Amino acid sequence: MEVFLFEPERNGPHPGLVLCQHIPGHQGIEQDPFTLKTAERYADNGFAVSIPFLYHWWSKDDEMQIKRDEFRDDWTAPDLTEGFEVLAALDNVDSERIGIVGHCWGGRVSWLGACTNSRYKACAVFYGG
């Protein structure tokens, strides 16, 4: 699974965020300018950010509706934990200060992550879909 990382330029340790993308990013994180810009803003404000590519279960060319219909929480929760673990393993991240956040479809996904991993210290849902 691809995980994109964004880190602050200054020295840490930094708090971390797992950022859950919205479903329009289903063809790849690199194709999702909103999520990329959001991660950059968090990093500019002192957060290390991981974005796990939650749609890796399908081809990037598959239709969005297929992914929406087949999306499974039991596949996604471990992917979110992997996003957490990637951050927690970084020397410049305080593993005791990692939260999860998402927008639209990712808002719902961030709630799933917080409910299945008690190590998250905070969860924010922006217009959960």
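Read the figures in this text as sums done on the coordinates, not as results from a lab. Worth saying up front: this structure is predicted, and the values here are computed from it rather than measured. Here the Cβ is made from the backbone with ideal geometry for all residues, glycine too, and neighbour counts use every protein chain on show.
When only residues in the stretch 70-115 that are free of Cβ contacts under 8 Å to residues at least 40 places away in the same chain and of a type in the set (S, T, N, Q) count, which is nearest to residue 22 (Cα to Cα)? Applying the filter and picking the extreme gives 76. For the stretch 39-85, residues that are under 29 Å from residue 10 (Cα atoms), assigned to a helix (DSSP H, G or I), more than 11 Å from the chain's Cα centre (by Cα) and not small (Gly, Ala, Ser) total 5.
Can you pull out the residues in the stretch 1-31 that are in a loop (DSSP other than H, G, I, E, B), crowded, with 22+ Cβ neighbours inside 10 Å and touching a Gly at 6+ places or on another chain (Cβ under 7 Å)? Quick ask: steps written out before the conclusion?
At the first step, the residues of the stretch 1-31 found to be in a loop (DSSP other than H, G, I, E, B) are 1-2, 7-13, 21-22, 26-28.
Okay, now just the ones that are also crowded, with 22+ Cβ neighbours inside 10 Å, so 21, 26.
The one that is in a loop (DSSP other than H, G, I, E, B), crowded, with 22+ Cβ neighbours inside 10 Å and touching a Gly at 6+ places or on another chain (Cβ under 7 Å): 21.
Would you please name the residue that is nearest to residue 121 (Cα to Cα), looking only at residues in the stretch 86-98 that are among the aliphatic types (A, V, I, L, M) and part of a strand (DSSP E or B)?
Narrowing the stretch 86-98 to residues among the aliphatic types (A, V, I, L, M): 86-90, 93, 98.
Pick out the ones that are also part of a strand (DSSP E or B) and you get 93, 98.
Working: 93: 14, 98: 6 Å.
Filtering first and then ranking leaves 98.
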